[in-house]
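One structure below.
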Amino acid sequence: MQSYLYFPGCSLRTVAKDFDRSAKACAHALGFELKEMQGQLCCGAVLSNVDDNLITKAGPNRILARATQEDHTLVTLCAGCYNVLKRTDLHAKLASPSQQTINTFNEETFNGGVDVIHFLEILRDRIGFDAVERAVKVPFKGLHVGAYYGCLLLRPAGEMKFDDPNRPSILENLLTRLGCTPIDYPARTDCCGSYLSVSSPGNVQPISGAIIRSARSCGARLLTVSCPLCKYNLESSQLQDSSGSTPDDFLPIVYFTQLLGLALGLQPEELELDQRQMQAVREATTPMLIGGGKK
Amino acid sequence: MKRVGVFVCHCGLNIAGNVNIKEVVEKAGKQQDVVFAVDHKYLCSEPGQTLIKDSIRQHNLDAIVVAACSPAMHEATFKTIAQLSGLNRYNCEIANIREQSSWVHDDPGKATAKAHITVHQGIEKVRLNEPLQPVTVPVTRKVLVIGGGIAGIRAALDVANGGYQVYLVEKSGTIGGRMAQLSETFPTLDCSTCILGPLMVEVFRHPNIKLLRLSKVEEVKGYIGNFKVKVRQEPAYVDEAKCNACGECAKACPAQVPNEFDFGLTWRKAIYTPFAQAVPPAYVLDAKNCLGLLPQACGECKKACDKFGTSCIDLDAWPRIHELEVGAIIVSTGYELYDAAKLTEYGYGTFPDVMTSMEFERMLSASGPTTGEIKRPSDGQTPKEIVFIQCAGQREPETALPYCSKICCMYTARHAMMFRHKVPEGQAYVFYMDIRAGGKGYEEFVKRCQEEKGLLYLRGRVAKVYEENGKLIVKGVDTLSGKTVQINADLVVLAVGMVPSSESHELASKLKASLDANGFFSEAHPKLRPLESPTAGIFLAGAGQSPKDIPETVAQASGAAGKALGLLSSPTLEREPTIAHVVGELCSGCSICVPLCPYDALSLNAEKLAEVSEALCEGCGTCIASCPSGALTLRNLTDEQMVAMIEAIVE
């Protein structure tokens, strides 16, 4: 069985265990394995991308230095880890004086050379969407799902080279193969508010709320994401008050690996899909009227 | 034994400020064969040139070395003064001690040492130089103009009016180019067709111009003064001389295709005339979209023409190859538009109401798809809120075009003004980066548009355009107020950049003319030789060389025509004799050199020995490096001279 070296990151250990577990289950169903690397650390999230503070880059450089001991391809799931690690590798390849400073500080030399890829890239480039489609056992029938990309998978486009930053299609292409009917809505590449949810949560609600409204008005009954932070922001913007109770028209958010798993015939429990999410999946699959969604 | 004189120039302080001139003169004076060495503040000045002339006579010199600036600057000046003083001009060598010594070395000691070496090399070379005579070649006194837009039209007319024969090659069915598609022109708002039309007619009627439409250059051989060009002309299937443009054929034609003249906003038939003022004024059959010519599938056009028209359609016509001989070639291949669909943030191609400026231009035109009314492509309604996005895909080195297309600020101001003129209750917004309105009356024009028509200019870029509830939502930033802006627009117009004609790459390789990094034809020198390609005998005009507007294009076209006329003004022309030369007794006739020559100058003669065409050779030296028996040498740059020069360096 083909095995890929895998870096889950902090979120997938804590708030996004469902993402981690569903991805591993999907991998198994598709005939490959995600093997966790040794010596994991926090990637530093988006803070590692700042240019003027080298200490934030110590973590991701250590991760990649350690990964090279095992393999030269490293798979990520969290869009944040993907962005940070891929750009850390690009920066290291430049062999700049600051890279030397980082290496000296880390006492673990890293000069680039890890091919950091996203799980979606395995599906698209290594297995191929055709093979994924062949492996589908329970195709969705017109599931009206909106793919939400956010920023970190796509930008900066010149460095990420993942998909068109303005009109990406990789998630829609995958969802179509699963039998879904992806919804095109303008806000799918807007920023979710990122870590402002920690420093100034009041500013996140309008941003995330606009994304939800845009998706819903275009007919999405469900959103799928590849980033735990996006999921958190999109969900919490819909909560009515601090009690955490959900409104009637709550738009559920699932990871793409959970939809992939269902289509591959895996059980909701293996994918950690809760009852509300499963209900949303079922409802969104039924044919609906134009302008749909619950009011 | 030659008597060599050395002249060292101060170039004010350009050289003297960093090179010890006295030392250079002293050392030069001690070299073998040098009988005289002197310095002067400005050798290129009249007193400086007189010094050279007098010294040559006084000291009976038969070779000189001038240590001064780059030969690109004054080689011709000094060679001419040497010639006027009775020397053979090829016994004058330039030692570049400015660009290669004083300007590039910080340390005066090192700069002086380098200057000395450079002068010494020049002395060693000139000692072994032979007197040479320029090569004289005849000139074919005809000109080929490639591209029938306003640049090609102007250039062809100027050459033809100068009394010489012109072949004007145009790939489409009519001349007129992009300018024929424009509605008005800035800053005077002349109707474009009204000012272009008379020139097109003049081309058509001019006895000295042979117009070849539907034609492409297939092969170019030869050299300055003597090009041999093959042009392939596709059949129009309509006899130009007989057709009276009655249009019966098009009425009968059942095949409808998008009309490229209107960028697909309207339809045309497979047999059509591109526009009312097309020249030649004859219909043309577009064989690609015809229902079938081989075998004939329909033939309705011919039936209609035979019945109602002038029986001018021949569906069995074949392409023709014209073999032309010309002395000069003017390249005026023009521009195309950058593919707006690549700019995915604006949604061109996804949202029907996002259009390019050229499509908007057609809509403004009285002969356009809406006969001059402004309407949304999606529903035909008159747009009330319109957003113009300047620099769309331009000045974006990372993702699109790195350069500025120079004309968009001007035509966008005109577009916005025309919109307000035609839709007075409407509002026009213009997103811009800078307003580049350099040109006579340009700044005034933009100001007038802005002030009189109340246009809203927003300095900033647009991040995203999307559709919501029948409106186009334009999200951008106004960097002057520092705020993000959202405009709910009815129509969005993208000022996409100019890119060179898609066929210029292929044409450039046929012409052996170089292109720049963006695919535009390169000029020989950006300031001093802007109308010429580095390849001799090829001149440039219009937007194929760089983005430019109509006044500049016309000026460049007349300039290029003037250059071509200058070339044709003499029946012969002189070429540098510092070219390759075969020492017959050494050549074994192996012919290794023949295919390597980039100028087709080498061939095997009747005795199966290599022969250099003096007219074709550019003196590049490729053949010399390839010759296994050392039979090829470059005149005045022989191996012996090279060795002597190297010894001067390593001494």
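Overview of results
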read-out: Coordinate range along principal axes, alpha carbons of chain A, Å, largest first; value: 61, 46, 33
read-out: Size-normalised alpha-carbon gyration radius of segment B:462-543, reference 2.2 N^0.38 Å; value: 1.79
read-out: Calculated [θ] (222 nm, deg cm²/dmol) that DSSP helices of n ≥ 4 give over the protein assembly as shown, each run adding -39,500 (n - 2.57); value: -9500 deg cm²/dmol
read-out: Equivalent ellipsoid dimensions for segment B:4-128 as semi-axes, Å, which come from the Cα gyration tensor, largest first; value: 21, 15, 12
read-out: Student exercise, the protein assembly as shown dipole from Lys, Arg, Asp, Glu Cβ charges, in Debye to nearest 20; value: 1280 debye
read-out: Rounded if a/c under 1.5, otherwise prolate or oblate - segment A:138-285, Cα gyration tensor axes; value: oblate
read-out: Rounded to whole Å, sorted largest first: equivalent-ellipsoid semi-axes of segment A:2-119, Cα gyration tensor; value: 26, 15, 11
read-out: Rounded if a/c under 1.5, otherwise prolate or oblate - segment B:303-364, Cα gyration tensor axes; value: oblate
read-out: Distant-in-sequence amide H partners of B:V6 (H built 1.01 Å from N, under 5 Å); value: B:F36, B:A37, B:V38, B:V65
read-out: Packing-based exposure ordering (other Cβ within 10 Å, fewest first) of B:D158, B:D549; value: B:D549, B:D158
read-out: Size of chain B as Cα extents on the principal axes (Å, biggest first); value: 89, 67, 42
read-out: Per-residue Cβ neighbour rank within 10 angstrom, fewest leading, B:W103, B:W267, B:W318; value: B:W318, B:W267, B:W103
read-out: Residues with amide H under 5 Å from that of B:G148, placed H, sequence gap 5 or more; value: B:K171
read-out: Beta bridges per DSSP with both ends in segment B:337-499, % antiparallel, nearest 5; value: 45 percent
read-out: Per-residue ³J(HN,Hα) for segment B:67-84, Karplus 6.51 cos²θ - 1.76 cosθ + 1.60, θ = phi - 60°, Hz, x for Gly and Pro; value: 9, 7, 7, 4, x, 4, 8, 10, 4, 5, 4, 6, 5, 5, 5, 5, 5, 5
read-out: At 0.692 mPa s and 37 °C, Stokes D of the protein assembly as shown from Kirkwood alpha-carbon radius, µm² per second; value: 96 µm²/s
read-out: Distance (nanometres) between label positions extended 7 Å along Cα→Cβ at B:E130 and B:E202; value: 5.1 nm
read-out: Trypsin sites (Lys or Arg not before Pro) within segment B:215-263, DSSP loop, no more than 10 other Cβ atoms inside 10 Å; value: none
read-out: Segment B:412-482: C-alpha gyration tensor shape, a/c 1.5 cut-off, then a/b vs b/c; value: oblate
read-out: Alpha carbon convex hull of segment A:77-131, volume per residue in cubic angstrom; value: 81 Å³
read-out: Per-residue Cβ neighbour rank within 10 angstrom, fewest leading, B:M433, B:M363, B:M358, B:M200; value: B:M433, B:M358, B:M200, B:M363
read-out: Exceeding the 23 Å Cα-Cα cut-off - candidates B:K406/B:K512; B:K440/B:K548; B:K41/B:K79; B:K375/B:K471; B:K384/B:K453; B:K125/B:K512; value: B:K406/B:K512; B:K125/B:K512
read-out: Segment B:561-568 - phi-based ³J(HN,Hα) in whole Hz, Karplus 6.51/-1.76/1.60, Gly and Pro as x; value: 4, x, 4, 5, 4, x, 5, 7
read-out: Share antiparallel - DSSP beta bridges, the protein assembly as shown, percent rounded to 5; value: 45 percent
read-out: Amide H within-cut-off set for B:V499, under 5 Å, with H built and near neighbours excluded; value: B:E336, B:L337, B:Y338
read-out: Segment B:600-649: GluC sites (Glu not before Pro) in DSSP loop, at most 11 other beta carbons within 10 Å; value: B:E607
read-out: Pair-distance profile P(r), taking every C-alpha pair of segment B:337-499, with 10 angstrom steps and integer %; value: 11, 42, 39, 8, 0
read-out: Rg to Rh quotient for segment A:149-226, alpha carbon positions, Kirkwood Rh; value: 0.99
read-out: Most fluctuating residue given options A:A45, A:A29, A:A79, as computed from a GNM of chain A linking Cα atoms under 10 Å; value: A:A29
read-out: Segment B:522-583-segment A:126-192 distance, computed between alpha-carbon centres (Å); value: 53 Å
read-out: Efficiency of FRET between B:S509 and B:D306 - r from beta-carbon atoms, R0 45 angstrom, step 0.05; value: 0.55
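Computed from the coordinates by the stated procedures, all read-outs in this text should not be read as laboratory data. These figures come from a predicted structure and were not determined experimentally. Cβ coordinates were reconstructed from backbone atoms using ideal geometry, including for glycine residues, and neighbour counts include every protein chain displayed.
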